[in-house]
Every structure is written in structure tokens, then in C-alpha cells.
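The values are calculated or read from the model by the stated rules, or taken from the named source; none is laboratory data. A quick note: this is a predicted structure, and the numbers were derived from the prediction, not measured. All Cβ positions, glycine included, derive from the backbone under ideal geometry; neighbour counts span all protein chains shown.
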Amino acid sequence: MDSLEILTAFVINVLFVTVLGWYLVTNLQWYDYKLSRVILKHHKPHWHLVYFFIPFIAYHTTGNFFIIFFLFAVLPAMMIWHRNLDKKLVLTWRVKRFLILLISLVLFQNVLCTLKGGCGTYGVFMPLAIAYIGSYMIEKFLFTMFRKDAKKKLSNMKDLQIVCITGSYGKTSIKNFVTEILNKKYKVYATPRSVNTFGGIIKDINESLPENCEIYICEAGARESGDIYEITTFLKPQTVVVGKVGLAHVEYFKTLKNIIATKLEIMQSPRLKNAFIHTSVTDEPHEKVTFFGDEVQNIQATLDGTDFDLKFKEETLPLHTEILGSFQTMNIAVAVQIAKLFKMSNNEIKDAVAGLKPVEHRLQKIVAGGKIILDDGYNGNIDGMLEGVRLCSLHEGRKVLVTPGLIESSDELNLKFIEAINDVFDIVIVTGALNAELFNKNLNVKNKIMLHDKSKIQDLLANQTKSGDIILFANDAPSFI
């Protein structure tokens, strides 16, 4: 090859490997940087064929024609793919380290090959593999250092009370309710948004946990056995909560029994003093366990708020909240139990519950343009979604639903959801392809719309809805699902 051909091959190889690396790290970020989940648990595995394997094979089989294929097929396709994603790659330091390492490796490889003249084709797989392994080792080392820093910080906060919350449903709601109520009396800090992995918790402790915090509220999530145990034995919470447990993420745990066993790992905290466990989890008595869920009575849940009573041994506590959804009463109930544990009076609790703010994207009521919007986009469990349907049934105008169905759940539960939908809604817009076939076959409403491209939802709603309608966004799923 002459010098121009060598330079062209050099540049195309660098660009091609970078594009594949961008695709790889985007998928890794979606699936908690676990390659096994990217390969075996991906919701759209055909993307790997289109955006990775076909270009990879073409690179090694099309010779000098690959530059045309890359510039006019691979690169435009990847740019369109990236542009249409609603959950784009976030350029965290972890991602930046991977990309810097990858580009450095491919440049080193290509310079060495060019100088030695021993490469018929510049490599693609090798720099990707080494960058992944090297990045993994770097992150492992950094995590060990961050873990040590977080442990030291917690050990220095000797009077800190830690409340750790897990469960299949309602973890974030319980965390927010406990935080808001206890904030009326104590200096409280809670993990932000849905930060609930061990790595996310470590990072948050190091960067954001205030030194003067009195109560730290932490949410613990899991994708496999041992995840809750790892968080629990590190934090050593004195108070733990296991919310309602069901078939969420059953594809990872296989059985409800495995899900329950994983959630109950939280009971192994070395400093455990009090545990609050929902009645759906277990009925096995334990000296440190208080069961919750059955103390909620006389629920009146409408589109204007929720009234209910909490029945304790010696008293009944009437409460009102602006929070929508009867299912939220059990989450508020355990927050009240914890408030009582921390010596808050009934009047303090009543005022705090009355002032609770709606949890963002969890049956959050928004009134705009004469339309009522119930944003339940972050709720992915059957009970919450059915409650959203029930609340919509109370509205006298037209009812519109936007949903991908239940994600990481069963066809049986999706059919239960569809049955409820058929009795209530006038228009149903099904987003995404995951449950599209099941919904298309079983939906029986006046107007059903199967929408694979979520970017068109705004225009579609503008055309299909009018003042006086109620619109429920039940669950949401990023486009890679």
C-alpha cells in the first residue's frame, strides 16, 4: 500500500473502533457495566447484530470497500441510533476513562503496526477487549479506594443513625416519605433519586453525605443474590425496611422465593435494632420485626388526595395527604412507624404527612391546558399501575393511557393490567415493542395506537387529546427496552 492508503486505513480503523467502543460502553452503562447482562439480558439483542457484528464482519471481509460501507452505512446508522435514544450515554469519568484508554490503545496498535509493517489489517477486537479488561481493573482499584474512604467517613460519624430500605415496590416512595417526615425534627440526608446500587451508595457517601447528618436514609436495590447483603454489611443500618415484595425483576431472580430471600438479606445488619417488614414478605415472627400493611384502614383515595386511618394497639391516627394512590398509604404507614421510633409526636406526624410532596413521576398530578396528567412514569409494579387506572375511572371526561406495559414482569400480570384498561380507557397508546404484540392482541378499546418511536409521543398526544381529558403515563421504558 502507498502512504495515502496506509493513512486512510489508519484513520478509518481509529474511527471504527471508537464507534464500536461508544456502542459498547453505552450498553454497559445501561446494564450496570456488566457484560454478561449486555450479552444475555439485553432487551433488543438484534441491535448487537446490526450495530456491532455486521460492521465487524464487514471490516474483515470487504477489504478496500469498507471505507465506503463505513462512511455511508455504519457511521450514519450509528449517528441515527444515538440521536433517537432517549437514554443517551452519560459522559461520566468512568466512560471517559474507557474511551481514553480505548483510543490510546488503538493509536498505539496502529502506530506499531505501521512502523513494523507487520499488520495486513489493523486490529479491532484486540483494542476493544484490552480496553474493557483494563477499564474493569482500573474501576475495581478505584472502587476499593472509594470504599475505604466511605467506610472511614461513616466510622467517624459515630452517632449517625442509618435507615436502609429495600423491597420490590415503593422503595423510593418510602425513602422520600421517611425523609420528609423526619426532616421536620432532625438533620436528615437521603440517597438522591433512585441511587440504590452499592457503587452509587459509596459514591454518594463520599461526595454528598453531610458531616452533621443525624439520620441517613438509604435505598438498597438488587439484581442478583448477595446485592442487598453487600450493602447491608457495609452500612450496618440500625433500622431496616422491607417494603412490598412481588415479581418485579423476576427475570433475574427466576422465582418469588429467590426475590424474598434476597430482600431479607437486609436482616443481616450487624447493628440491627428494628426491622419493619411488609406482610407480603413473611409472617415469621422475630423479636426485632414489626410488620406493616394491615394497620391501614378506611382509605378514601381520590384525584384530590387520600384520607386514611392508621390503627395501632392503643390508638387510631387519622391522616390526610395530597399524595395520590391508595397503595401509597402502606408506604406512608411505615414512614409513620419510623417517625414514632424516632420519638415524633402524633401532631408532628400529622402535619408532616399533610405536607408530603408528590414523588416525582409516581402518580404525580399535573394540570395543563385543561387536561389532567397523571405522571406515573417511574412506577413499574402491577398494584401501582392498577391504582392509576382506578383513579382515572373516577374522572368524568375522556381517559387516555400511555404505557409500555409492565417491564421485567410476566405476561400474566400484563394481561391483568390489560383487562383493567379495557374497562376504563378510550384511547390507549402502547409505546415500545416489548409488549406490543400482547397488547395489540388483547386490547379492546375505542382507539389503540402502537407507537414504536417514542419521539413522536408529544405530537401524537397534541392531535389525539383535548381539554377535559385525563392522561395517565403508566410506567416508562427507555428506548433500549
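Leu49: without any contact (Cβ under 8 Å) to a residue 12 or more places away in the chain and assigned to a loop (DSSP other than H, G, I, E, B), yes or no?
It is false that Leu49 is without any contact (Cβ under 8 Å) to a residue 12 or more places away in the chain and assigned to a loop (DSSP other than H, G, I, E, B).
For segment 263-273, give me each residue that is crowded, with 16+ Cβ neighbours inside 10 Å and out of contact with any helix residue (DSSP H, G or I) (no Cβ under 6 Å at 6 or more places or on another chain). Spell out how you get there, then give the answer.
First pass over segment 263-273, keeping only residues crowded, with 16+ Cβ neighbours inside 10 Å: 263-267, 269, 272.
Once the filter is applied, which keeps residues that are crowded, with 16+ Cβ neighbours inside 10 Å and out of contact with any helix residue (DSSP H, G or I) (no Cβ under 6 Å at 6 or more places or on another chain), segment 263-273 yields Lys263, Leu264, Met267, Leu272.
Give just the number: which of (1) in contact with a helix residue (DSSP H, G or I) (Cβ under 6 Å, 6 or more places away or on another chain); (2) exposed (fewer than 13 other Cβ atoms within 10 Å of the Cβ) does Tyr51 not satisfy?
Every condition holds for Tyr51 apart from (2).
Taking the residues in segment 176-204 that are among the aliphatic types (A, V, I, L, M) and farther than 23 Å from Lys34 by Cα as candidates, determine which candidate is nearest to the chain's Cα centre (by Cα).
To start, the set of residues in segment 176-204 that are among the aliphatic types (A, V, I, L, M) comprises 178, 181-182, 188, 190, 195, 201-202.
Next, only the ones that are farther than 23 Å from Lys34 by Cα stay: 178, 181-182, 188, 190.
On the way: Val178: 20, Ile181: 24, Leu182: 25, Val188: 23, Ala190: 17 Å.
Restricting to residues being among the aliphatic types (A, V, I, L, M) and farther than 23 Å from Lys34 by Cα, the top hit is Ala190.
Given the options Gly432, Gly468, name the one that is assigned by TED's automatic domain parsing to the domain that holds Ile382, farther than 20 Å from Lys365 by Cβ and either at pLDDT 90 or above or under 23 Å from the mean Cα position of the chain (by Cα) (or both).
Numbers: Gly468 fails: farther than 20 Å from Lys365 by Cβ.
Result of the check over Gly432, Gly468: Gly432.
Note down all Cβ pairs under 8 Å where the first residue falls in segment 328-355 and is within 17 Å of His278 (Cβ to Cβ), the second is surrounded by fewer than 17 Cβ atoms within 10 Å (Cβ to Cβ) and hydroxyl-bearing (Ser, Thr, Tyr), and they're at least six residues apart or on different chains.
Final answer for the pair search is Gln337/Thr290.
Taking Ala301 as the residue in question, decide whether it is surrounded by fewer than 21 Cβ atoms within 10 Å (Cβ to Cβ), small (Gly, Ala, Ser) and out of contact with any strand residue (DSSP E or B) (no Cβ under 6 Å at 6 or more places or on another chain).
Values: surrounded by fewer than 21 Cβ atoms within 10 Å (Cβ to Cβ): no; small (Gly, Ala, Ser): yes; out of contact with any strand residue (DSSP E or B) (no Cβ under 6 Å at 6 or more places or on another chain): yes.
Against the criterion (surrounded by fewer than 21 Cβ atoms within 10 Å (Cβ to Cβ), small (Gly, Ala, Ser) and out of contact with any strand residue (DSSP E or B) (no Cβ under 6 Å at 6 or more places or on another chain)), Ala301 does not qualify.
Could you check Arg362 against (1) over 25 Å from Thr255 (Cα atoms); (2) among the charged types (D, E, K, R); (3) surrounded by fewer than 21 Cβ atoms within 10 Å (Cβ to Cβ) and say which number it fails?
(3)
Right, Tyr31: under 16 Å from Glu224 (Cα atoms), free of Cβ contacts under 8 Å to residues at least 40 places away in the same chain and crowded, with 16+ Cβ neighbours inside 10 Å or not?
Yes: the conditions hold for Tyr31.
What pairs come up if the first residue lies in segment 275-304 and is of a type in the set (S, T, N, Q), the second is loosely packed, with under 15 Cβ neighbours inside 10 Å and in a loop (DSSP other than H, G, I, E, B), and their beta carbons are under 7 Å apart, counting only those six or more places apart or on different chains?
Thr279/Asp294; Thr302/Leu394
What is the residue count in segment 359-416 for residues that are of a type in the set (Val, Ile, Thr) and within 21 Å of Gly305 (Cβ to Cβ)? Steps first, answer last, please.
First, pick out the residues of segment 359-416 that are of a type in the set (Val, Ile, Thr): 359, 366-367, 372-373, 382, 389, 400, 402-403, 407.
Subset that is within 21 Å of Gly305 (Cβ to Cβ): 359, 366-367, 372-373, 389.
The total comes to 6.
Pick out the one residue from Lys416, Lys365, Lys371, Lys357 that is over 26 Å from the mean Cα position of the chain (by Cα) and not aromatic (Phe, Trp, Tyr). It would help to see each step written out before you state the result.
Values: Lys416 fails: over 26 Å from the mean Cα position of the chain (by Cα); Lys365 fails: over 26 Å from the mean Cα position of the chain (by Cα); Lys357 fails: over 26 Å from the mean Cα position of the chain (by Cα).
It is Lys371.
Somewhere in segment 54-65, is a residue without any contact (Cβ under 8 Å) to a residue 40 or more places away in the chain and touching a Leu at 6+ places or on another chain (Cβ under 9 Å)?
Yes, because at least one residue in segment 54-65 is without any contact (Cβ under 8 Å) to a residue 40 or more places away in the chain and touching a Leu at 6+ places or on another chain (Cβ under 9 Å).
Consider Tyr122 against the criteria (1) modelled with pLDDT under 95; (2) assigned by TED's automatic domain parsing to the domain that holds Gly63; (3) in a helix (DSSP H, G or I); (4) buried (at least 20 other Cβ atoms within 10 Å of the Cβ): it satisfies all of them except one. Which criterion is unmet?
(3)
Return only the number of the condition from (1) in contact with a helix residue (DSSP H, G or I) (Cβ under 8 Å, 6 or more places away or on another chain); (2) farther than 14 Å from Ile471 by Cα; (3) at pLDDT 90 or above that Tyr378 does not satisfy.
Going through (1) in contact with a helix residue (DSSP H, G or I) (Cβ under 8 Å, 6 or more places away or on another chain); (2) farther than 14 Å from Ile471 by Cα; (3) at pLDDT 90 or above one by one, Tyr378 breaks only (3).
Could you check, for segment 313-325, whether at least one of its residues is farther than 30 Å from Leu40 by Cβ, of a type in the set (Val, Ile, Thr) and part of a helix (DSSP H, G or I)? Before you say what the answer is, go through the steps one by one.
Here is the first cut: in segment 313-325, the residues farther than 30 Å from Leu40 by Cβ are 313-325.
In the following step, the residues that additionally are of a type in the set (Val, Ile, Thr) were identified as 316, 321, 323.
Next, only the ones that are part of a helix (DSSP H, G or I) stay: none.
No, segment 313-325 has no match at all.
Quick check on Gln109: is it under 21 Å from Leu434 (Cα atoms), modelled with pLDDT under 95 and buried (at least 18 other Cβ atoms within 10 Å of the Cβ)?
Numbers: under 21 Å from Leu434 (Cα atoms): no; modelled with pLDDT under 95: yes; buried (at least 18 other Cβ atoms within 10 Å of the Cβ): yes.
Spelling it out, it is not the case that Gln109 is under 21 Å from Leu434 (Cα atoms), modelled with pLDDT under 95 and buried (at least 18 other Cβ atoms within 10 Å of the Cβ).
Can you find, within segment 275-298, the residue that is surrounded by the most Cβ atoms within 10 Å (Cβ to Cβ) among those that are β-branched (Val, Ile, Thr) and in a strand (DSSP E or B)? Give the derivation first.
First, pick out the residues of segment 275-298 that are β-branched (Val, Ile, Thr): 277, 279, 281-282, 289-290, 296.
With the extra rule that they be in a strand (DSSP E or B), the set shrinks to 277, 289-290, 296.
Numbers: Ile277: 27, Val289: 19, Thr290: 15, Val296: 18.
My answer is Ile277.
Restricting to segment 391-429, name every residue that is in a helix (DSSP H, G or I), in contact (Cβ under 8 Å) with a residue 60 or more places away in the chain and surrounded by fewer than 21 Cβ atoms within 10 Å (Cβ to Cβ). Don't jump to the end; show me each part of the working.
Taking segment 391-429 first, the residues in a helix (DSSP H, G or I) are 391-393, 411-422.
Of the ones still in play, those that are also in contact (Cβ under 8 Å) with a residue 60 or more places away in the chain are 391-392, 413.
Hit for segment 391-429 is Leu413, nothing else.
Looking only at segment 313-327, which residues are under 14 Å from Phe177 (Cα atoms) and modelled with pLDDT under 90?
Phe327
When you scan segment 6-13, do you find a residue that is assigned to a helix (DSSP H, G or I), surrounded by 15 or more Cβ atoms within 10 Å (Cβ to Cβ) and of a type in the set (Ser, Thr, Tyr), even just one?
no
Condition check: touching an Asp or Glu at 6+ places or on another chain (Cβ under 9 Å), in contact (Cβ under 8 Å) with a residue 24 or more places away in the chain and either assigned to a helix (DSSP H, G or I) or surrounded by fewer than 21 Cβ atoms within 10 Å (Cβ to Cβ) (or both). Does Lys185 satisfy that?
Working: touching an Asp or Glu at 6+ places or on another chain (Cβ under 9 Å): yes; in contact (Cβ under 8 Å) with a residue 24 or more places away in the chain: yes; either assigned to a helix (DSSP H, G or I) or surrounded by fewer than 21 Cβ atoms within 10 Å (Cβ to Cβ) (or both): yes.
Spelling it out, Lys185 is indeed touching an Asp or Glu at 6+ places or on another chain (Cβ under 9 Å), in contact (Cβ under 8 Å) with a residue 24 or more places away in the chain and either assigned to a helix (DSSP H, G or I) or surrounded by fewer than 21 Cβ atoms within 10 Å (Cβ to Cβ) (or both).
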